[in-house]
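J.: Structure in structure tokens, see below.
Derivation of every value follows stated rules applied to the coordinates shown; laboratory data play no part. Keep in mind that this is a model prediction, so the values were computed, not measured. For neighbour counting, all protein chains shown are included, and Cβ atoms are generated from backbone atoms with ideal geometry for every residue, glycine included.
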Amino acid sequence: MSSDDAGAEARLAAAVTAAREVLDAASFPLATDDAADARATRSELLGQLDDYLLPRLRSRDAPLLAVVGGSTGAGKSTLVNALVGQVVSAPGVLRPTTRAPVLVHHPLDAAWFTSDRVLPGLSRVRVDRPGSPVAAPSDPGPRALRLVASDRVPRGLALVDAPDVDSVATENRELAHQLLAAADLWVFVTTAARYADAVPWDLLAAAGRRRAQVALVLDRVDPGAEAVEADLARLAEAEGLGAARIFLVPETAPDEDGLLPERVVAPLARWLTRLAADEGARRGVVDATRDGVVDDLVRRLRGLAQPASAQTAADAELRRAVDRPYEDAARGLVEATADGSLLRGEVLGRWQELVGGNELFAGFQRAVGRARDRVAAFFRGRSEAVPRLERAIGSSLEGLVLDAAETADQRAAAAWRGTSAGRALVSGPDGAVPPTAHGALRERTAAEVRAWQEDVLALVRDRGAAKRGTARALSLGINGVGAVLMVLVFASTAGLTGAELGIAGGTAAASQAVLSAVFGDEAVRQLTRAARDALEARVRAVLAAEADRYLAVLDALGAADDAGPGLRTAADDVERAARDERTARATDVEPEAGAAPRAVVGGLRGADLPEEEPRGGAAGDEAGGSRERGRGGFWRRVLRGGRT
Ligand SMILES: Nc1nc2c(ncn2[C@@H]2O[C@H](COP(=O)(O)OP(=O)(O)O)[C@@H](O)[C@H]2O)c(=O)[nH]1
Ligand SMILES: [Mg+2]
């Protein structure tokens, strides 16, 4: 390998690593219409990147991983045992078998598989005595690999006996798919009776689309059933697997050791053994599968960009659906606390108690007059009425805020229920938005209202201190003057005149007059504004905390930043790096190319049997022996006549 070649490969590995990070960050947390598909694609891709592509890019020289897959009872385990010459994997009669899959490798290749270089999510168990055909009590369960070292397996090749791709046990099925996604080569086993089943073909078609290298084994073929082979070849061709080798294994009975006769697996044994020995051929298979996975990665990263942007759009829509009602609530409160509507019921009663009734507003004004000294005296005489008014103001305000919060909550929840992304977050036991904590909301509201009343008293005190002579006059009347200021805040009916003003107007006029007597007109205007601003800030604080129940959920999900552009860029980068790497590979003169196959170290059982002469026709082969594939001209052409 030239240094140019190595550099290009390293750059491809870097681009794929970067793409993995982008993909990992885009988690599609919101239940948008396409989220479920996007999540499935993402987790499949992440799995394949970790299990296969990144390890493969980091070590092109790692042994070729041939995964023996197929339907329930197709004969996968029996085939692996026959190739290895010992029962390394128990053939199953009882289903589903939940035993850990077996990986068989040459003893000198052990280091490639004992680490978590490939399939890092699976634990490893070394099986020293693979002869035991039944699941030991210490069976590590399906999320583990049972590693078997065998001299029979050629160096540079490893065989995995995968679970059934159509297992009724989800865990087995998923593991089978995961193992196939991690394979350099699929050895797909099917039978004459089952070869047209839908599940395996869904998988095979997907393999064909991404140009995974596949060998098909038509197992347990009865004499006379060879016509099936042509049909299988047609199916394979139609699914983009025209280049797949087809091996026929005639039906025979296993011997007393549970092994099929050597001769029936000889063609497959020979082919796999030579593949391991021939560096060029091995690389060819490894690279072809890898290139297909890289192209598939680029395609699927691009495919995820749109769903990723849809997440961010949904996030923004959900945020608006919360902001709108809570903003309306805040505005409504600001209005309701200024238009006189608070001057009713208890508040009005207490106010009248303080100032002496509606018709006595004038008397109140007269009593105070323009002499601020008299203000303190006025309130001193009414020391009971002031705190009662304050309490009435406090509880009216609280009620108003709680109502507004309740309405906003209902509107926000309804809006979220109206979208698929939002529904998943508010409905059902798994809903992520916690319901209003009524007790805490009431406490918080009461605290803010109390704090506002403190704000108002502080304003009055500060203003009094700033004005010569006022502080002493106010010393006993701060609470009373503060209460009047609160009332004035509620009654600022700007623009209304005469009879329209009603109670609010009269109240406004009276309180305005009293406060003006103490502070002067301009100061009263400033005080009113400051008190109103303080009220708005406190009301908004309560509402913001409520809205946060919703917004915090979105913040935690993290869909606010659009991952779409990043996914597209990552796809472009991988595509460019892959193109460069392929160019470098094509122009690189492999020293191995054209060289004689290196000496075979290890050889699968049957690999050294002499090749049989082809026998024409579809006649059975009861005499024993097996055929690698049909003899038809079509297959000669497809396979370039290349019997191995
Ligand atoms: N007679 C015969 N039985 C087989 C052959 N291959 C598998 N079996 C039996 O079929 C059943 C399922 O085989 P197994 O290897 O466990 O299939 P797997 O599910 O694909 O691993 C077992 O009872 C095997 O003994 C074969 O070539 N000939
Ligand atoms: Mg099996």
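J.: If r is the Cβ-Cβ distance from E21 to E406 and R0 is 51 Å, what FRET efficiency results, to the nearest 0.05?
T.: It comes out at approximately 0.70.
J.: Let me ask something else about it. Return the long-range amide H neighbours of R124 (sequence gap of 5 or more, or a different chain), with a cut-off of under 5 Å between placed amide H atoms.
T.: Those lying under 5 Å, H to H, from R124 are L145.
J.: For T72, T583, T445, what ranking results if the residue with the fewest other Cβ atoms within 10 Å of its Cβ goes first?
T.: The fewest-first ordering by Cβ neighbours comes to T583, T72, T445.
J.: Here's something else I'd like to know. In whole angstrom, how far apart do the alpha carbon centroids of region 6-76 and region 153-198 sit?
T.: Answer, in whole Å: 17.
J.: Quick one: if you stick a label point 7 Å off each Cα along the C-beta vector at D257 and V199, how many nm between them?
T.: Inter-label distance under the simple model: 3.2 nm.
J.: For a Förster distance of 45 Å, can you work out the FRET efficiency between the beta-carbons of E384 and H438, rounded to the nearest 0.05?
T.: Plugging the Cβ-Cβ distance into 1/(1 + (r/R0)^6) gives 0.90.
J.: Take R525 and R234, extend 7 Å from each Cα along the Cα→Cβ direction, and tell me the distance between the two endpoints in nm.
T.: It works out to 9.5 nm between the two label points.
J.: Gain in length, A313 to L609, computed as 0.36 nm per residue apart minus the alpha-carbon separation, to one decimal in nm?
T.: 100.1 nm
J.: Just want the ordering: S427, S77, S516, from fewest to most Cβ atoms lying within 10 Å of their own Cβ.
T.: Ordered from fewest to most neighbouring Cβ atoms within 10 Å, S427, S77, S516 come out as S427, S516, S77.
J.: Another one. Starting with the fewest neighbours, write out S115, S89, S341, S396 ranked by other beta-carbon atoms found within 10 Å of each beta-carbon. Before the final figure, lay out the partial values.
T.: Numbers: S115 11, S89 30, S341 14, S396 22.
Lowest count first: S115, S341, S396, S89.
J.: Then there is this: Taking 0.36 nm per residue of separation and subtracting the Cα-Cα distance, what length does fully extending D116 through A451 add? Working shown, then result.
T.: Values: separation 335, 0.36 × 335 = 120.60 nm, distance 6.02 nm.
Separation in residues times 0.36 nm, less the Cα-Cα distance, equals 114.6 nm.
J.: So how far apart, in nm, are the two label points at A586 and R391 if each is 7 Å from Cα heading toward Cβ?
T.: That separation, rounded to one decimal, is 9.0 nm.
J.: Fully extended, how many nm does the chain gain between A144 and R461 (0.36 nm per residue separation, minus their Cα-Cα distance)?
T.: Once the chain is fully extended between A144 and R461, it gains 106.6 nm.
J.: On to the next question. Taking R0 as 41 Å, what FRET efficiency do you get between A545 and A14 from their Cβ-Cβ distance, rounded to the nearest 0.05?
T.: 0.35
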